[in-house]
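As structure tokens, the structure follows; a few thoughts come after it.
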Amino acid sequence: MEDQIKGRLGGADGYDIRCVIDGDRITGRAGGKLHGKDIDLEITERGVQGTVGADPFKIELQDGELKGNVGSQKLTLRGVDRVTGYMGEPIVGWNVVAQQTGDQLVGQLGSTVLGRNFELSLGSAPGWVGTLVALVSFYALEPRASISR
């Protein structure tokens, strides 16, 4: 049986997320066949790099936080099982909060009114990896997440 990260971003009107974990590499897709983007992540000794659709991203561990960019958006993540952070700029950006319980991850991107919630089954991945997969999916599929692209 394959080790997978799978779930949903945005509830009933959102998107499916399906990824396969193979060692330090996570590959998959957010969205469907007509409106979706491929995800390719590689966990390195210093952080995570990869692509979502055609957009590259790279985040590195700095002072106990993962910091970097997803496409044109700045990203900061803190924590392992309880993950918090921020994507974007101070005025136009999205708060991130997620909690892992067992192999399940539940989180919120942005506000409860305008944001998107997500629920993922993590397989063997830690909560911060699932949160990163949700963030890159949000960036790739939500027009408002990539305003400055």
* To do: Can you tell me which residue within segment 27-44, out of those that are within 20 Å of residue 116 (Cβ to Cβ) and aliphatic (A, V, I, L, M), is most open to solvent (accessible area, probe 1.4 Å)?
  => 34
* Residue satisfying condition, being touching a Lys or Arg at 6+ places or on another chain (Cβ under 6 Å) and within 22 Å of residue 115 (Cα to Cα), within set 68, 7 -> 68
* Asked: How many residues are part of a strand (DSSP E or B) and either at pLDDT below 90 or open to solvent by 80 Å² or more (accessible area, probe 1.4 Å) (or both) when one looks only at segment 16-26?
  -> 3
* To do: Assess whether residue 13 counts as being among the charged types (D, E, K, R), open to solvent by 50 Å² or more (accessible area, probe 1.4 Å) and within 21 Å of residue 115 (Cβ to Cβ).
  => yes
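The values are calculated or read from the model by the stated rules, or taken from the named source; none is laboratory data. Being a predicted model, the structure only gives us computed values, none of them experimental. Every residue, glycine among them, receives a Cβ derived from its backbone with ideal geometry; neighbour counts consider all protein chains shown. Side chains are part of the model used for accessible areas, which takes the heavy atoms of the whole protein and leaves out ligands, DNA and RNA. Shrake-Rupley method; radii C 1.70, N 1.55, O 1.52, S 1.80 Å.
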